[in-house]
Amino acid sequence: MADRVTVIGWDGSPLTAAARSALGAATLVAGAAHHLALPEVPPHAEHIRLGSVGLAARRIAQHRGTAVVLADGDPGFFGVVRTLRAPEHGLEVEVVPAVSSVAAAFARAGMPWDDAQIVVAHSRDLRRAVNICRAHTKVAVLTAPGAGPAELALLLDGVHRTFVICEELGTGREQVTVLTSDKAADHVWRDPNVVIVVGGASAATQGSGWLAGRDVAYPSPPRGWGLPAQAYGGVLDEGESVQLRSAQLARLGPRPGDLVWDIGAGSGAAAVEAARFGAAVIAVDSDADACGRTTAVARRYGVQLQVVQGRAPQVLEDLPEPDVVRVGGGGAEVVTACAARRPERIVTHAATRDEAEAIGRALADGGYETECALLQSVELDTSAWVERERAVVFLLSGYRLAHP
């Protein structure tokens, strides 16, 4: 294998003495075209145009001599260092870091970034990066060909954000553009670029924070989930009880990068709690007052929701693809429409056995394995230890089969 591998970060600044020394001794240099054109790159060394880092790592592992890899920004931050250090290559590397492209982008924008989410976007999984942008008020997106500002904007349709687009940072062609997300698709953007996505309603904050990647509201949000009715204005619909909602959320398992549909959102309790797990959420309800309550409670807890007023299943046709779905109302007809969109999980409830059987058939016909449980909850008055309220409901969960 190579006698020594040095990874040099490049941010457009003059190379350090350590970087120049490593390049001077290199017998193999790998990098992008603009890296290999640097005057410090020795002409006698073997040059490898860096496309697939894995292929380059295998070539470096076979090289007998001193290798240098040039990479934009900080190569240890979503960079080449991880691949080069993979066990199958057996490479030990020394890193000469530079300012990361994310740090440079926020510096150009004059913004703090300890509270920002940072995601890498690829064309194969761009929607997950978009869902992070839906769920958070400040996100830096490291883009790739086919997953740039225009594609981000198109998938954010219906969600207003401001884009700070930083093209070719550190080069003579560097350019920073600020525009609203609905305008980004009208332009052609140069690679590589970093997109800072900001906007959305946020809770008031005080202090400087203490945990990177978290915009922690002040005062702190309530601990736990499955919060009581008082946390949501005191009145919940039948399908929003603490016990049922907790069981539904446990089966949905919302997480960062997911898009959750909450159909029949009611007061917004389930939608807000899914968002508190870090998921993007679209809350749907036909009632204007319910949509208003959902918007208000989301603002109170400092989470990002898209609220859509309309009647399911018709309103679902124009929504982006969900990962998991909670159906708070609509029965088998809405479940059938959701199953046609192939989310990983669908969770709903029924008040009667006949309704539960109809929903179970809809899930099975849609290619889902169905689980049904009868939940009975009894609320007690602890001052006298007597029954205050009793509820019985069927909880149905559909898990997508690999081959429906």
Exercise. Given a 1.4 Å probe, how much area per residue of region 313-402 is accessible, in Å²?
Worked result: 53 Å²
Seminar exercise, completed: Quick calc, ASP186 & GLN376: beta-carbon distance into FRET formula, R0 60 Å, rounding 0.05, result 0.60
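Could you order peptides 124-130, 110-116 by the average number of other Cβ atoms within 10 Å of their residues, highest first?
Ranking, from highest mean packing down: 124-130, 110-116.
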Problem set entry | region 68-187: radius of gyration over Cα atoms, expressed as a fraction of 2.2 N^0.38 Å | 1.15
For this session: Using a 1.4 angstrom probe on heavy atoms only, work out the carbon and sulfur share of the accessible area of region 204-339 in %.
Result: 50 percent
Problem set entry | Estimated distance in nm for a label pair at ARG300 and ARG223, the labels positioned 7 Å out from Cα along Cα-to-Cβ | 2.1 nm
Exercise. Using 0.36 nm per residue, how much length does the chain from ARG390 to ALA402 gain when fully extended, once their Cα-Cα distance is taken away?
Worked result: 0.5 nm
Problem set entry | Over region 44-124: Kirkwood hydrodynamic radius from C-alpha pairwise inverse distances, Å | 14.7 Å
Exercise. Cα centroid distance between region 9-46 and region 317-386, in Å?
Worked result: 59 Å
Exercise. With labels modelled as points extended 7 Å from the Cα through the Cβ direction, what inter-label distance (nm, one decimal) is found for HIS122 paired with ARG361?
Worked result: 4.4 nm
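Report the extension gain between ALA17 and ALA250 in nm, rounded to one decimal, defined as 0.36 nm multiplied by the number of residues separating them, less their alpha carbon distance.
The ALA17-ALA250 span can extend by a further 78.4 nm.
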Problem set entry | Options THR16, VAL95, THR295, ranked by Cα towards positive dipole end of the chain, top entry (Cβ charges) | THR16
For this session: Could you grab the Rg to Rh ratio for region 251-323? Cα atoms only, Kirkwood for Rh.
Result: 0.94
For this session: Arrange the peptides 3-10, 252-259 so that the one whose residues have, on average, the most other Cβ atoms within 10 Å appears first.
Result: 3-10, 252-259
For this session: About the Cα centre of the chain, how large is the charge dipole given +1 on each Lys and Arg Cβ and -1 on each Asp and Glu Cβ? Please answer in debye to the nearest 20.
Result: 920 debye
Exercise. Using θ = phi - 60° and the Karplus form 6.51 cos²θ - 1.76 cosθ + 1.60, what ³J(HN,Hα) does each residue of region 251-268 get, whole Hz, x for Gly and Pro?
Worked result: 7, 5, x, x, 8, x, x, 7, 10, 9, 8, 10, 9, x, 5, x, 7, x
Exercise. When Lys and Arg each count +1 and Asp and Glu each count -1, what net charge do the other residues less than 11 Å away from SER100, Cβ to Cβ, add up to?
Worked result: -3
For this session: Show me 287-293, 320-326, 188-194 ranked by packing, highest mean number of other Cβ atoms within 10 Å first.
Result: 320-326, 188-194, 287-293
Problem set entry | Under 5 Å, built H, 5+ apart or other chain: amide partners of VAL159 | none
Problem set entry | Share of carbon and sulfur in the accessible heavy-atom surface of region 116-177 [1.4 Å probe, %] | 49 percent
Exercise. Per residue, how much accessible area does region 7-72 show when a 1.4 Å probe rolls over the protein heavy atoms, in square angstrom?
Worked result: 45 Å²
Problem set entry | Interchain or long-range residues, amide H under 5 Å from VAL96's placed H | VAL7, ILE8, GLY9
Seminar exercise, completed: Carbon and sulfur atoms account, in whole percent of the 1.4 Å probe accessible area of region 17-111, for 54 percent
Problem set entry | Given charges at Cβ of Lys, Arg, Asp, Glu: region 267-404 dipole, positive-most of ALA269, LEU380, LEU363 | ALA269
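The values are calculated or read from the model by the stated rules, or taken from the named source; none is laboratory data. Everything quoted here is computed from the prediction, not taken from an experiment. FYI the Cβ positions are ideal-geometry reconstructions off the backbone, even for glycines, and counts take in every protein chain you see. The protein model used for the area step is the full one, side chains on, heavy atoms only, and it has no ligands, DNA or RNA in it. Shrake-Rupley method; radii C 1.70, N 1.55, O 1.52, S 1.80 Å.
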